[in-house]
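**Q** Structure incoming, see below.
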């Protein structure tokens with residue numbers, strides 16, 4: 001990343017888009033404190049992510065979801081998976097039970113609470129992982145292409161859940177995606193190219209920015225397609241690491 005500067009506000013939902021290897025996943029990991037900058041600074045509510053003493057507090061505030069749902073489970077049932085995060089953060093037993101119950105209800109997972117994650121569909125897995133993250137009551141949720149492994153129907157279902165999370169829980173969401181219709185449905189878009197933030201604004205502004213569209217390899221009509229078309233950003237020839 002270079003010359004990348006942005007702020008995520010409270011209760012905000014925004015998309016990060018860019019070609020493969022543009023730096024968008026790196027940006028998301030910097031925002032979550034998973035990576036720390038060699039130069040420059042990344043802060044979470046004023047906490048410098050480079051300060052190892054603040055690591056636990058950063059983790060309390062920012063939850064991070066990766067692409068492949070199957071690789072992220074740590075427990076043998078849905079219920080235990082949701083409980084694992086609060087327990088690791090030191091929630092009391094009563095608070096953990098309450099958080100698990102709230103998330104099972106919120107995501108409609110009550111009937112699946114005793115199921116092993118391996119028995120679920122990919123879309124259900126992502127719901128469980130979202131529930132396990134939100135049970136820790138983070139202020140910010142960073143999603144690194146969470147719908148990439150899903151079919152169009154499950155992709156739409158998870159997309160609706162993400163929007164509901166912000167509206168109902170007030171959690172800020174940073175949503176990294178290659179699906180243009182997902183980005184276009186959000187109020188703010190961050191576009192990344194060659195490790196730089198090349199656009200920051202509403203979709204209407206991106207539609208009118210011919211230079212940025214060309215840089216990203218986007219045909220303007222793709223921003224208007226619905227989910228059945230699932231247009232992705234084109235592959236990259238960038239030298240920047242993801």
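**Q** Rounded to the nearest angstrom and ordered from largest down, what semi-axes does the equivalent ellipsoid of region 72-127 get from its C-alpha gyration tensor (root of 5λ)?
**A** Working: eigenvalues 72, 31, 15 Å².
Working from the Cα gyration tensor, I get semi-axes of 19, 12, 9 Å.
**Q** Sticking with this structure for a sec: On each of the three principal axes of the Cα atoms of region 17-111, give max minus min coordinate, whole Å, ordered largest first.
**A** Taking max minus min along each principal axis of the Cα atoms, region 17-111 gives 46, 33, 21 Å.
**Q** For the chain, just the Cα atoms, rotate onto the principal axes and tell me the three extents in Å, largest first.
**A** 54, 43, 29
**Q** Also: Would you please give the FRET efficiency between residue 102 and residue 76, computed as 1/(1 + (r/R0)^6) with r the Cβ-Cβ distance and R0 = 25 Å, to the nearest 0.05?
**A** Numbers: r = 21 Å, r/R0 = 0.85.
The pair residue 102/residue 76 has a calculated efficiency of 0.70.
**Q** Here's something else I'd like to know. Using only the Cα atoms of region 124-193, each taken as one equal point scatterer with no solvent, compute I(q) by the Debye sum, divide by I(0), and report log10 of the ratio at q = 0.18, 0.21, 0.23, 0.24 Å⁻¹.
**A** Debye intensities relative to I(0), on a log10 scale: -0.68, -0.94, -1.13, -1.22.
**Q** Å³ per residue of the Cα convex hull, for region 23-65?
**A** 65 Å³
**Q** Then there is this: Relative contact order for the chain using alpha-carbon pairs under 8 Å, separation at least 6, rounded to a whole percent?
**A** Relative contact order, the chain: 33 percent.
**Q** By counting other Cβ atoms within 10 Å of each Cβ, how are 164, 80 ranked from fewest to most?
**A** Ranked by crowding around the Cβ, least crowded first: 164, 80.
**Q** Which shape class, rounded, prolate or oblate, goes with region 101-162 when its Cα gyration tensor gives a ≥ b ≥ c as root eigenvalues, a/c under 1.5 marks rounded, and past that a/b bigger than b/c marks prolate?
**A** Working: a/c = 1.76, a/b = 1.07, b/c = 1.65.
Oblate is the answer for region 101-162, as a/c is 1.5 or above yet b/c matches or exceeds a/b.
**Q** OK, next. Between residue 94 and residue 210, what's the calculated FRET efficiency when r is the beta-carbon distance and R0 is 51 Å? Round to 0.05. Present the calculation step by step, with values, prior to reporting the outcome.
**A** On the way: r = 57 Å, r/R0 = 1.11.
Rounded to the nearest 0.05, the efficiency is 0.35.
**Q** Given points 7 Å out from each Cα along the Cα-Cβ axis, report the residue 35 to residue 57 separation in nanometres with one decimal.
**A** 2.5 nm
**Q** Take the alpha-carbon centre of region 1-55, take the same for region 156-218, and report the distance between them in whole Å.
**A** 16 Å
**Q** Hey, in the GNM for the chain with a 10 angstrom Cα cutoff, which one of 31, 214, 139 fluctuates hardest?
**A** Highest fluctuation among the options: 214.
**Q** Computed FRET efficiency, Cβ-Cβ of residue 5 and residue 219, R0 30 Å: what is it to the nearest 0.05?
**A** Working: r = 28 Å, r/R0 = 0.95.
That pair, residue 5 with residue 219, gives E of 0.60.
A short reminder: the numbers here are calculations on the coordinates, not readings from a lab. In this text, all values refer to a predicted model and were calculated from it rather than measured experimentally. Positions of Cβ are backbone-derived with ideal geometry, glycine not excepted, and every protein chain shown enters the neighbour counts.
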